[in-house]
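Engineer: Provided herewith is a single structure, encoded as structure tokens, for subsequent inquiry.
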Amino acid sequence: MLQILLTGLLWFAAIGCGLLAGLYFAFSTFIMTALGRIGQAAGMAAMNAINVAIVQSLFLPIFLATTAAGAALAVTGLFRFGEPGAMAMIAGGVLYGLGMFVVTMIFNVPLNNALAATDPVSHEAAALWARYLADWTAWNHVRTITSTAACALFIAAIAAR
């Protein structure tokens, strides 16, 4: 029974990482570029609207549950260290936790909060928006890469089992 639960958790984590990697990939490859092209006030307003809507959507439960699953898999991998797939579980969980969750909380969320607190037509808005586009996107690249790698590691753990 425990093996079935562990396999289910691995599948859930792999699918969750894949979904979030795809979302982050879209932002990194074209959404942020498009927002930067539509003008400062419109871009800021659109990103603020996205930031409000995203936490009211199915994104947030998947974001949190995938993070919890990754952490649980990393800990489980430590207790099953000699078993096939354990190293991939540990690496996937740690990579996802640090590269996606911690990066989000330390970098992307504070940038979102600063954006929300800025009047789009104020004097400081232009500098903030330029910095936001560059910094937020750079950290989002980290989230894209680490979510994709964690997905691959969880799939490798499934294959190894």
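Engineer: In this structure, is residue 9 under 20 Å from the mean Cα position of the chain (by Cα), part of a helix (DSSP H, G or I) and free of Cβ contacts under 8 Å to residues at least 24 places away in the same chain?
Structural biologist: No, not satisfied.
Engineer: Say we look at region 82-138 and pick out the residues that are among the small types (Gly, Ala, Ser), without any contact (Cβ under 8 Å) to a residue 24 or more places away in the chain and assigned to a helix (DSSP H, G or I); which of these is nearest to residue 159 (Cα to Cα)?
Structural biologist: Only one residue fits best here, namely 138.
Engineer: When only residues in region 119-136 that are more than 22 Å from residue 66 (Cα to Cα) and buried (at least 17 other Cβ atoms within 10 Å of the Cβ) count, which is modelled with the lowest pLDDT?
Structural biologist: Looking at residues that are more than 22 Å from residue 66 (Cα to Cα) and buried (at least 17 other Cβ atoms within 10 Å of the Cβ), I get 120.
Engineer: When both residues are 6+ apart or on different chains and their Cβ atoms are under 6 Å apart, which pairs have a first residue that lies in region 52-70 and is under 19 Å from residue 98 (Cα atoms) and surrounded by 13 or more Cβ atoms within 10 Å (Cβ to Cβ), and a second that is modelled with pLDDT of 95 or more and aromatic (Phe, Trp, Tyr)?
Structural biologist: From region 52-70, the pairs are 67/101; 69/12; 70/96.
The values are calculated or read from the model by the stated rules, or taken from the named source; none is laboratory data. Note that the structure is predicted; figures quoted are calculated from it, not measured. So basically every Cβ, Gly included, is an ideal-geometry build from the backbone, and we count neighbours across all protein chains shown.
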